[in-house]
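Asks: Shown below is the structure under consideration.
The values are calculated or read from the model by the stated rules, or taken from the named source; none is laboratory data. What you are looking at is a predicted structure, and each value in this text was computed from that prediction instead of being measured. Heads up, the Cβs are rebuilt from the backbone with ideal geometry, glycines too, and the neighbour counts pull from every protein chain shown.
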Amino acid sequence: METSNMKNMVVLKNLPSNLVEEAIVILKSSKKVKKLQKIEKKRKVPNKEERQKREKDYILKEAEMLVSSYISKLENNHEQKQKRAIENYKNYKRLKKYAYLATSIIIIQAMLLVIK
């Protein structure tokens with residue numbers, strides 16, 4: 001396998017599922033979806049083949065749910081990191097002002113002690 005293709009693959013392990021042990025996700029190159037399409041199902045009496053398809057669909061739905069929950073966790077984690085970075089920057093600015101104020105007070109007190 002080429003290393004250029006490997007960067008577009010993600011392997012998900014230790015998933016919270018009874019059916020799926022490990023999932024391999026292959027990402028598309030940056031393409032945009034033009035419009036969403038719905039697939040309508042026909043209603044009729046299920047036979048043996050359709051039941052097997054439903055079981056396969058169930059496994060696919062389970063895998064889709066796991067991947068979507070994994071992606072949402074990553075997005076939430078990214079958003080939380082951004083919020084923490086903003087809060088840390090505000091705290092940094094506040095501490096910087098406090099340091100300048102404390103330093104100036106110490107210098108003024110030292111000057112007053114020297115004068116007396």
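Asks: Report yes if some residue within segment 48-65 is among the aromatic types (Phe, Trp, Tyr), modelled with pLDDT of 80 or more and surrounded by 10 or more Cβ atoms within 10 Å (Cβ to Cβ); otherwise report no. Even if it seems obvious, please write down each step before you answer.
Replies: To start, the set of residues in segment 48-65 that are among the aromatic types (Phe, Trp, Tyr) comprises 58.
Adding the requirement that they be modelled with pLDDT of 80 or more leaves none.
No: segment 48-65 contains no residue that is among the aromatic types (Phe, Trp, Tyr), modelled with pLDDT of 80 or more and surrounded by 10 or more Cβ atoms within 10 Å (Cβ to Cβ).
Rundown of residues vs (1) in contact with a Phe, Trp or Tyr (Cβ under 6 Å, 6 or more places away or on another chain); (2) over 30 Å from Leu12 (Cα atoms); (3) among the hydroxyl-bearing types (Ser, Thr, Tyr); (4) in contact (Cβ under 8 Å) with a residue 24 or more places away in the chain, yes/no style:
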| residue | (1), (2), (3), (4) |
| --- | --- |
| Lys61 | no, no, no, no |
| Met65 | no, no, no, no |
| Glu75 | no, no, no, no |
| Arg84 | no, no, no, no |
| Tyr89 | no, yes, yes, no |
| Tyr92 | no, yes, yes, no |
| Lys97 | no, yes, no, no |
| Tyr100 | no, yes, yes, no |
| Leu112 | no, yes, no, no |
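Asks: Give the residues of segment 62-116 that are acidic (Asp, Glu) and within 30 Å of Val25 (Cα to Cα), sorted by residue number.
Replies: Pass one, segment 62-116, residues acidic (Asp, Glu): 62, 64, 75, 79, 87.
Glu62, Glu64, Glu75, Glu79 - these are the residues of segment 62-116 that are acidic (Asp, Glu) and within 30 Å of Val25 (Cα to Cα).
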